[in-house]
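Participant: Before we start, here is the structure in question, set down as structure tokens.
The values are calculated or read from the model by the stated rules, or taken from the named source; none is laboratory data. Note that the structure is a prediction, hence the values are computed from the model and not measured. Heads up, the Cβs are rebuilt from the backbone with ideal geometry, glycines too, and the neighbour counts pull from every protein chain shown.
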Amino acid sequence: MATIMAWLADLHVDTALELAGVFFAALSGGLAGVRKSFDVFGVLVLAWVTGLGGGVVRDLLIGATPPVGIANWRFVTTALAAGVVIFFLHPSVERMRRTVIVLDAWGLGFFVLLGTMKGLAVDAGLLASVMVGVLTGIGGGILRDILVGEVPLVLADRQLYAIPAFVGAAVTAALWSSGLLVLWTQVLVVLLVSGIRLLSLRRGWVVPAPGSGWSGRWGVRGRMGR
């Protein structure tokens, strides 16, 4: 117990937030593996890839090597722990789709914020930091979908996924530039990104499709949980 308390006391706020993001995202990856009837190894791999894939992409982009996704035991352990939790305690098949989507939305919010902040911390510039934040947010999900044999969500189905990531990254960069990027505004960014994502699913908002003309503008279709 004393070791655990010392470990928690040593955590910075940013690290704690990133660990939470890893856990949320890894849960969604593990659930995707369960839905595909993967064995325990497959579920753990998907949890690790989803939880840390975006961070690996981020670190490679900003030159932070080796990436924390393979070098930091806290992050690796957190992702694998999420996979173990999901493997043994996953919800019923009927509820999995909605649970995966909700967890993925929260993971998206965490990673967009933290990825943008990492870019800003190394003076990558506002535009580059926004791009790093977006790729951090969507990277793990893209790798997850590829591994389970699906077209990445960000490239298909006309759902709002990359757009909330871009909005969150841009707001984070703007807050930093204005000197207003503090803990409570960071929380608001996470709520903004995840909120837009979940609201768009709830309301059935979609983005334009090629060749659809004006009739294909930001429209409405099937809602979350269908």
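Participant: Determine which member of the set Val130, Val151 is more than 21 Å from Ala79 (Cα to Cα), of a type in the set (Val, Ile, Thr) and not in a helix (DSSP H, G or I).
Facilitator: Matching residue, one of Val130, Val151: Val151.
Participant: To continue, here is another question. Considering each of Ala64, Ala47, Ala81 in turn, give the residue that is touching a residue at least 12 places away in the same chain (Cβ under 8 Å) and surrounded by 24 or more Cβ atoms within 10 Å (Cβ to Cβ).
Facilitator: Only one candidate qualifies: Ala47.
Participant: While we're looking at this one, here's another question. Looking only at region 117-157, how many residues end up being small (Gly, Ala, Ser), out of contact with any Pro (no Cβ under 8 Å at 6 or more places or on another chain), surrounded by 18 or more Cβ atoms within 10 Å (Cβ to Cβ) and over 20 Å from Leu188 (Cα atoms)?
Facilitator: Summing the residues that are small (Gly, Ala, Ser), out of contact with any Pro (no Cβ under 8 Å at 6 or more places or on another chain), surrounded by 18 or more Cβ atoms within 10 Å (Cβ to Cβ) and over 20 Å from Leu188 (Cα atoms) in region 117-157 gives 3.
Participant: Another question about this same structure. From the list Ile101, Ile86, pick out the single residue that is more than 26 Å from Leu60 (Cα to Cα) and crowded, with 23+ Cβ neighbours inside 10 Å.
Facilitator: The match here is Ile86.
Participant: Checking Gly195 against (1) at pLDDT 90 or above; (2) part of a loop (DSSP other than H, G, I, E, B): exactly one of these is not met. Which one?
Facilitator: (2)
Participant: When residues of region 114-135 are filtered for being polar (S, T, N, Q) and in contact with a Leu (Cβ under 7 Å, 6 or more places away or on another chain), how many remain?
Facilitator: 1
Participant: Pairs needed: first member in region 159-179, closer than 14 Å to Thr136 by Cβ and assigned to a loop (DSSP other than H, G, I, E, B); second member anywhere, at pLDDT 95 or above and among the hydroxyl-bearing types (Ser, Thr, Tyr); C-beta distance under 9 Å; at least 6 residues apart or different chains.
Facilitator: Taking only residues 6 or more apart or on different chains, not a single pair turns up.
Participant: Please find, among Phe24, Phe75, Phe41, Phe88, the residue that is of a type in the set (Phe, Trp, Tyr), within 21 Å of Val190 (Cβ to Cβ), at pLDDT 85 or above and assigned to a helix (DSSP H, G or I).
Facilitator: Every option except Phe75 fails the conditions.
Participant: Kindly indicate whether any position in region 158-177 is surrounded by fewer than 22 Cβ atoms within 10 Å (Cβ to Cβ), at pLDDT below 90 and over 17 Å from Gly107 (Cα atoms).
Facilitator: Among the residues of region 158-177, at least one is surrounded by fewer than 22 Cβ atoms within 10 Å (Cβ to Cβ), at pLDDT below 90 and over 17 Å from Gly107 (Cα atoms), which makes the answer yes.
Participant: Further question: Taking the conditions exactly as written (more than 15 Å from the chain's Cα centre (by Cα) and modelled with pLDDT under 85), does Leu103 satisfy them or not?
Facilitator: Considered against the rule, which asks whether it is more than 15 Å from the chain's Cα centre (by Cα) and modelled with pLDDT under 85, Leu103 comes out as no.
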